[in-house]
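The values are calculated or read from the model by the stated rules, or taken from the named source; none is laboratory data. What you see is a predicted model; the values in this text were computed from it and never measured. Using ideal geometry, Cβ is built from the backbone for each residue, glycine included, and neighbour counts are taken over all protein chains shown.
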Amino acid sequence: MSYDCYVAICRPLHYETLLGSRVCVHLAAAAWACGFLNVLLHTANTFSLPLCHGNAVDQFFCEIPQIFKLSCSTSYLREVGLAVFSLSLGLICFVLIVVSYVQIFRAVLRIPSQQGRHKAFATCLPHLVVLSLFITTAIFANLKPLSISSPSLDLAVAVLYSVVPLAVNPLIYSLRNQELKAALKSGPFQYQLDLLNPS
């Protein structure tokens, strides 16, 4: 998303060349491959842990810190290595996103018209808000001290980083749709009548 915004704002005349269908397929395949490799390594390591405190997790989905609470193994060396690998992947993505947005904001601030700047910020800021929500809650969930850990806090943080960004993202992008804005302003029944009886 950040690369798409960067090309659309900083290099608009080269958009089709820089973000053709082949490039999009390669970017999507790289993202999926990195995510799949990360999940596969963590899953293989998790299944090798001996569980001695039962197998009931206090959340609606399994997370690695919750499974560690059930494990009787004190050897976390493999998991530390996997955490370093995951953090490296995340850091590379984060650095690329930050570099993209620095370039975007530099280009936007050079736009002479207020309307042009507003449109450019309206295009990029929703992505940045959702991304910030996901990153901050995921970091808090995985790096918070055990002294403040409780089942209700763990559940709330897990919902914040796994459900809320996915639910908010389509809402934010759909609110930029002009037809949806018109429907919200005129009310749902008036909008349906307008669709049935166009003038």
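Brief remarks follow.
- Residues in the stretch 121-149 that are surrounded by 12 or more Cβ atoms within 10 Å (Cβ to Cβ), hydroxyl-bearing (Ser, Thr, Tyr) and modelled with pLDDT under 75: THR123, SER149.
- The number of residues in the stretch 85-119 being over 23 Å from LEU27 (Cα atoms), among the β-branched types (Val, Ile, Thr) and either at pLDDT 80 or above or in a helix (DSSP H, G or I) (or both) comes to 1.
- Candidate set: the stretch 150-166, residues that are surrounded by fewer than 14 Cβ atoms within 10 Å (Cβ to Cβ) and of a type in the set (S, T, N, Q); chosen: the one farthest from VAL84 (Cα to Cα): SER152
- Any hit, the stretch 167-180, residues being within 22 Å of TYR3 (Cα to Cα), modelled with pLDDT of 75 or more, part of a helix (DSSP H, G or I) and hydroxyl-bearing (Ser, Thr, Tyr): no
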